[in-house]
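Written below as structure tokens is the structure these notes are about.
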Amino acid sequence: MQAESSRAWGLAHHFDNFEQQREASYLGMWVFLVTEIMFFGGLFTAYVVYRSANARAFALGSKELDITLGAFNTAVLIGSSLTMALAVWAAQQGKRKQIALFLVLTILLGGVFLGVKVVEYRAKIDHHLLPGPDFHFPVTEVDEILGVQEGNVEMFFNLYFAMTGLHALHMIIGIGVLLVMVVLALRGSFSRKNHNLVECMGLYWHFVDIVWIFLFPLLYLLGRNI
Amino acid sequence: MSAEATTNLPRRVNYLNVDHGVKSWLLTKDHKRIAILYLVSISFFFAIGGLMASLIRLELATPAGDLVQADVYNRLFTAHGVIMIFLFLIPSIPAVLGNFLIPIMIGAKDLAFPKLNLASWYVYNLGAALMMWALLRGGADTGWTFYTPYSSMYANSEVILTALGAFIVGFSSIMTGLNFIVTIHRMRAPGLTWFRLPLFVWAHYATSLIQVLGTPVVAIAILLVAAERLLHIGIFDPAVGGDPVLFQHLFWFYSHPAVYIMILPSMGVMSELVTAFSRKRIFGYRFVAFSSLAIAVLGFLVWGHHLFVSSQSILAGVIFSVLTMLVAVPSAVKVFNWTATLYKGSISWETPMLYAIGYVGLFVIGGLTGTMLATLGFDIHVHDTYFVVAHFHYIMVGGAVMGYLGGLHFWWPKITGRLYPAFWSKISALLIFVGFNLTFFPQFVVGYLGMPRRYHAYPEEFQVLNVLSSAGATVLAVGYILPTIYFIWSMRYGERAGANPWGAYGLEWQIPSPPPTHNFEEKPVVTTEAYDYYTLKEKRVA
Amino acid sequence: MTEHITSVRTYLLVFIALMILTAVTVLVAFQDFGAWNDVVALTIAVIKASLVVLFFMHIYHSTRLSKLVVVSGLVWLVILIGLTLSDYLSRGLVGLASS
Ligand code: HEM
Ligand SMILES: [Cu+2]
């Protein structure tokens, strides 16, 4: 209490020092990411269960996806992870302008990713691959003999839209927070000592990247060999 | 660290009188005030859930379905379950007592993230409001379990609103858990090593792990049900090769551990009560501490015991059956250790202790019947009968709610600075114990005889047992209303408590009642083990 | 723990490695290794994810506690998927319920 007035700006009253504050937010963010792992985990479980039951239908669905766009987006997202990492690097040294620069780059790359995603979604909708009453997928006789029904392919697209949709939602939220952080960075809210927000946001962004690193092979690649 | 009670000056500033007005409460970041906010919210919902229960018992007083129609009955037990589990029992001890006590017990000024703490209360109320809105529009009729395909394809009730409410309340639970984990890791006072922590803190740590690791999975499962109803994304839809049982897997991956979210904190309370009123160090501190963690971990490996008759494979059934037996071990460890603590203790029969003793008996019955249910062959016969209903009420009401009330009676003087009337509180503890057994013991019998759960009518031969149960529920209701009255009364007229009315050991008893906003004048330094009643006594004598 | 600052060089190296692995996983996807295709694709994904976690997310230079948190997240994911599969992969293995 007595040190209240002499406390450094940005240090909350209930922490002893910046280090404790930083460690707390860092741990908190990691624990949050664990909840995110489990959140996506439910969908991954559904994927594994249904693919184990009908891999061929999933392969057929997978072949409908645009592998070029998928690979391009993977590269874009990895690039955005690099710029995000550099934003944290700049924050650790209190380089205010560079923080803003790298954050903006990250936002732009995230925007490109989402733009490509829109193009992909539109194509799927045009091809009647959106689950629901309009869904249509012609199953050849051979495939039918191999146990594939239209519904099994629809299940692939159920999962495709659920998983990429949830992923995209995370990107949108991330971009929103990053926009706020650009403003904060320009205002000089982050210092060498106090840049927890940049660091935690970095962790979030990399996490979203990792989800995609798994989604890409699971949705676009597996079954290409069939 | 001096154990001397700080004298209670009449006009001392504390967390209650430091600020006035609605705004000072609604925008508070003080963990103690947030605990009070939660106390108000959950008490309100406990009352509503209790009202539903009364209606259920009233309907079941006669064999015919005469009071309400089958459809209304379905909505009643759904509302009862959803409210009691998501809006009352899950937040009860952690969000009220845990919130109030954990920072104090570890010698911190507040939780690591005070704003997140307040946010969790708002998120909770938002989810609760959605559920209440759904209820006003007729409510859901799926049962608290939201099983597909009924919930996703057929139910014509407010499934989405109710489920979304549960989804949102889940986030508040995650926020609380996350906050506790970080706080316990990062904010402990100097000298307060892990093995000096009160067992209440250990239990909450374990609970928080479950909240953080389990809740997201039920969240996604609920979201997928909503997606199936709204967007045709039918992950559980058999028409596209989906499996409704997969929902059950995801649901119980959370909801079995969730039963430990409800019971673990009350076990933490128990450890505090038993030591305080036997004036003894707990028997086997490390065993009790680690058994909390063991319960948290093992609790995640047993969910399949809810799917024994849901077309789960027989092999998986056997695996889950065996794993379930294992969870009984750490639970039993706790019971043995509490009992051993009583042995040769100087026991005093204050109200909280009455709750604690009642707890042990009821929890043992609940746990043993759980082990019976975990036996594959037995469960096939009693699954979805009143036997199961009795089992989980013995644990959730006989255990968790008794623990919550015991804890509330123990720390009430700390929270409000006032004592409640000893006589009436003992009466209420007794009424609750008797009423509880009268309500739920007959349900074991009637379930074993074959009465299924979730029906509004039943064959005549079950009436006697059902009337007993309904009568018991009336006694139980009186037992719950009494504390409400004398707690409120005590806030104004109760005798002043002083810092340590029970002569108990622990950091929370070394600061004034009610505590000041920042809890400690000076950061405490801990040099002793937990429950060091021996040293405490020596100091008194000296 | 004082903060460790990873050098830009490390970040760039990790970035290049991730790009190369992405290219490799795409190319390999069209080769036919039978059931091994899944294994290869997932192994590459795990390597990529580990690189991100260790270096971009600084776990390599982090406390034991952070490492523990990451590992427990993964272990719980394995519990979720593994025990669920214990049902699905053994359906019909033992007679009776299956027909
Ligand atoms: C410790 C706290 C416990 C709580 C709060 C609790 C709660 C519950 C609840 C709520 C249900 C019914 C769910 C429903 O169908 O709506 C249930 C069922 C069950 N419990 Fe417990 N339980 C606990 C401990 C145990 C233990 C220790 C065991 C076994 C060792 C156990 C074994 C079972 C089994 C096998 C069922 C499924 C019965 C059936 O639906 O056929 N429980 N429990
Ligand atoms: Cu269970």
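The values are calculated or read from the model by the stated rules, or taken from the named source; none is laboratory data. In this text, all values refer to a predicted model and were calculated from it rather than measured experimentally. Every residue, glycine as well, gets a Cβ built from its backbone with ideal geometry; the counts of neighbours run over all protein chains shown.
Restricting to segment B:107-161, name every residue that is within 14 Å of another protein chain (Cβ to nearest Cβ), among the acidic types (Asp, Glu) and farther than 30 Å from B:ASN179 by Cβ.
none
Can B:THR474 be described as β-branched (Val, Ile, Thr), touching a His at 6+ places or on another chain (Cβ under 9 Å) and under 23 Å from B:PHE46 (Cα atoms)?
Details: β-branched (Val, Ile, Thr): yes; touching a His at 6+ places or on another chain (Cβ under 9 Å): no; under 23 Å from B:PHE46 (Cα atoms): yes.
When the stated conditions are applied, B:THR474 does not pass them.
Please go through segment A:47-70 and pick out each residue that is in a helix (DSSP H, G or I) and touching a helix residue (DSSP H, G or I) at 6+ places or on another chain (Cβ under 6 Å). Step through it out loud before you land on a result.
First, the residues of segment A:47-70 that are in a helix (DSSP H, G or I): A:47-53, A:55-63, A:67-70.
Within segment A:47-70, A:TYR47, A:VAL48, A:VAL49, A:TYR50, A:ARG51, A:ALA57, A:PHE58, A:LEU60, A:GLY61, A:ILE67, A:LEU69, A:GLY70 meet the criteria.
Inspect segment B:185-200 for any residue being among the β-branched types (Val, Ile, Thr), in a helix (DSSP H, G or I) and modelled with pLDDT of 95 or more and give the result as yes or no.
Keep residues of segment B:185-200 that are among the β-branched types (Val, Ile, Thr), which gives B:193.
When the remaining residues are screened for being in a helix (DSSP H, G or I), the result is none.
Within segment B:185-200, none of the residues are among the β-branched types (Val, Ile, Thr), in a helix (DSSP H, G or I) and modelled with pLDDT of 95 or more.
Exactly one of these conditions fails for B:SER311: (1) within 14 Å of another protein chain (Cβ to nearest Cβ); (2) more than 16 Å from ligand 2 (Cβ to nearest atom); (3) assigned to a helix (DSSP H, G or I). Give me its number.
Against the list (1) within 14 Å of another protein chain (Cβ to nearest Cβ); (2) more than 16 Å from ligand 2 (Cβ to nearest atom); (3) assigned to a helix (DSSP H, G or I), B:SER311 comes up short only on (3).
Before we move on, is B:ILE295 crowded, with 22+ Cβ neighbours inside 10 Å and either of a type outside the set (Gly, Ala, Ser) or within 14 Å of another protein chain (Cβ to nearest Cβ) (or both)?
On the way: crowded, with 22+ Cβ neighbours inside 10 Å: yes; either of a type outside the set (Gly, Ala, Ser) or within 14 Å of another protein chain (Cβ to nearest Cβ) (or both): yes.
For B:ILE295, the condition - crowded, with 22+ Cβ neighbours inside 10 Å and either of a type outside the set (Gly, Ala, Ser) or within 14 Å of another protein chain (Cβ to nearest Cβ) (or both) - is met.
Out of curiosity, is B:VAL96 in a helix (DSSP H, G or I), at pLDDT 95 or above and surrounded by fewer than 21 Cβ atoms within 10 Å (Cβ to Cβ)? Spell out the reasoning first.
Numbers: in a helix (DSSP H, G or I): yes; at pLDDT 95 or above: yes; surrounded by fewer than 21 Cβ atoms within 10 Å (Cβ to Cβ): no.
No: the conditions fail for B:VAL96.
From the list B:ALA140, B:ALA155, B:ALA203, which one is within 24 Å of B:TYR122 (Cβ to Cβ) and crowded, with 19+ Cβ neighbours inside 10 Å? Give the derivation first.
Working: B:ALA155 fails: within 24 Å of B:TYR122 (Cβ to Cβ); B:ALA203 fails: within 24 Å of B:TYR122 (Cβ to Cβ).
The unique qualifying residue is B:ALA140.
What residue, among those in segment B:314-351 that are within 12 Å of ligand 2 (Cβ to nearest atom) and buried (at least 22 other Cβ atoms within 10 Å of the Cβ), is farthest from the other protein chains (Cβ to nearest Cβ)?
B:VAL327
Conditions (1) within 12 Å of another protein chain (Cβ to nearest Cβ); (2) without any contact (Cβ under 8 Å) to a residue 12 or more places away in the chain; (3) within 19 Å of C:THR84 (Cβ to Cβ), marked per residue:
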{"position": "B:LEU199", "(1), (2), (3)": "no, no, no"}
{"position": "B:ALA206", "(1), (2), (3)": "no, no, no"}
{"position": "B:GLN211", "(1), (2), (3)": "yes, no, no"}
{"position": "B:ILE222", "(1), (2), (3)": "yes, no, yes"}
{"position": "B:PHE251", "(1), (2), (3)": "yes, no, yes"}
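Determine the pairs where a residue that is among the aromatic types (Phe, Trp, Tyr), located within segment B:371-384, has a partner that is surrounded by fewer than 17 Cβ atoms within 10 Å (Cβ to Cβ) and modelled with pLDDT of 95 or more with Cβ atoms under 7 Å apart, the partner being 6 or more residues away or on another chain.
That search, which allows pairs on different chains as well, returns B:PHE378/B:MET372.
Go through the residues of segment B:241-251 one by one and say whether even a single one is closer than 23 Å to B:GLY317 by Cα and either under 18 Å from the mean Cα position of the chain (by Cα) or acidic (Asp, Glu) (or both).
Yes - at least one qualifying residue is present in segment B:241-251.
Of B:VAL218, B:VAL245, B:VAL269, which residue is modelled with pLDDT of 95 or more, within 15 Å of ligand 1 (Cβ to nearest atom) and surrounded by fewer than 22 Cβ atoms within 10 Å (Cβ to Cβ)? Before you say what the answer is, go through the steps one by one.
Details: B:VAL218 fails: surrounded by fewer than 22 Cβ atoms within 10 Å (Cβ to Cβ); B:VAL269 fails: surrounded by fewer than 22 Cβ atoms within 10 Å (Cβ to Cβ).
Exactly one of B:VAL218, B:VAL245, B:VAL269 is modelled with pLDDT of 95 or more, within 15 Å of ligand 1 (Cβ to nearest atom) and surrounded by fewer than 22 Cβ atoms within 10 Å (Cβ to Cβ), namely B:VAL245.
Conditions tested, residue by residue: (1) hydroxyl-bearing (Ser, Thr, Tyr); (2) within 30 Å of B:PRO501 (Cβ to Cβ); (3) out of contact with any Asp or Glu (no Cβ under 7 Å at 6 or more places or on another chain).
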{"site": "B:GLY21", "(1), (2), (3)": "no, yes, yes"}
{"site": "B:LEU27", "(1), (2), (3)": "no, no, yes"}
{"site": "B:ILE36", "(1), (2), (3)": "no, yes, yes"}
{"site": "B:LEU39", "(1), (2), (3)": "no, yes, yes"}
{"site": "B:SER43", "(1), (2), (3)": "yes, yes, yes"}
{"site": "B:ALA47", "(1), (2), (3)": "no, yes, yes"}
{"site": "B:PRO63", "(1), (2), (3)": "no, no, no"}
{"site": "B:VAL72", "(1), (2), (3)": "no, no, yes"}
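Just checking, how many residues over segment C:11-22 are at the interface with chain A (Cβ under 8 Å from one of its Cβ atoms) and loosely packed, with under 13 Cβ neighbours inside 10 Å?
Residues that pass the stated criteria total 0.
Return the residue satisfying two criteria in turn: it lies in segment A:43-95 and is over 20 Å from the mean Cα position of the chain (by Cα) and of a type in the set (D, E, K, R), and of such residues it is nearest to the other protein chains (Cβ to nearest Cβ).
A:ARG51
Which of (1) over 25 Å from A:GLU23 (Cβ atoms); (2) in contact with a Leu (Cβ under 6 Å, 6 or more places away or on another chain); (3) more than 14 Å from chain B (Cβ to nearest Cβ) is the odd one out, the single condition A:LEU186 does not satisfy?
(2)
For segment B:387-421, which positions are over 14 Å from B:PHE433 (Cα atoms) and within 11 Å of ligand 1 (Cβ to nearest atom)?
If the condition is that a residue be over 14 Å from B:PHE433 (Cα atoms) and within 11 Å of ligand 1 (Cβ to nearest atom), then B:PHE387, B:VAL388, B:VAL389, B:ALA390, B:HIS391, B:PHE392 are the ones that fit.
When only residues in segment B:266-308 that are without any contact (Cβ under 8 Å) to a residue 40 or more places away in the chain and within 14 Å of ligand 2 (Cβ to nearest atom) count, which is farthest from B:PHE410 (Cα to Cα)?
Result: B:LEU301.
Suppose we filter segment B:443-469 for residues that are part of a helix (DSSP H, G or I) and in contact with a strand residue (DSSP E or B) (Cβ under 7 Å, 6 or more places away or on another chain); how many remain?
Selection size over segment B:443-469: 1.
Could you grab me the full set of residues in segment C:75-95 that are of a type in the set (Ser, Thr, Tyr) and more than 7 Å from chain B (Cβ to nearest Cβ)? Quick ask: steps written out before the conclusion?
Within segment C:75-95, the subset of a type in the set (Ser, Thr, Tyr) is C:84, C:86, C:88, C:90.
C:TYR88 - this is the single residue of segment C:75-95 that is of a type in the set (Ser, Thr, Tyr) and more than 7 Å from chain B (Cβ to nearest Cβ).
Please indicate, with yes or no, whether at least one residue in segment B:195-204 is within 16 Å of ligand 2 (Cβ to nearest atom) and within 14 Å of the chain's Cα centre (by Cα).
No: zero hits.
Suppose the filter is away from ligand 1 (no atom under 16 Å from the Cβ) and under 30 Å from B:PHE287 (Cβ atoms); does B:TRP194 pass it?
Values: away from ligand 1 (no atom under 16 Å from the Cβ): yes; under 30 Å from B:PHE287 (Cβ atoms): yes.
For B:TRP194, the condition - away from ligand 1 (no atom under 16 Å from the Cβ) and under 30 Å from B:PHE287 (Cβ atoms) - is met.
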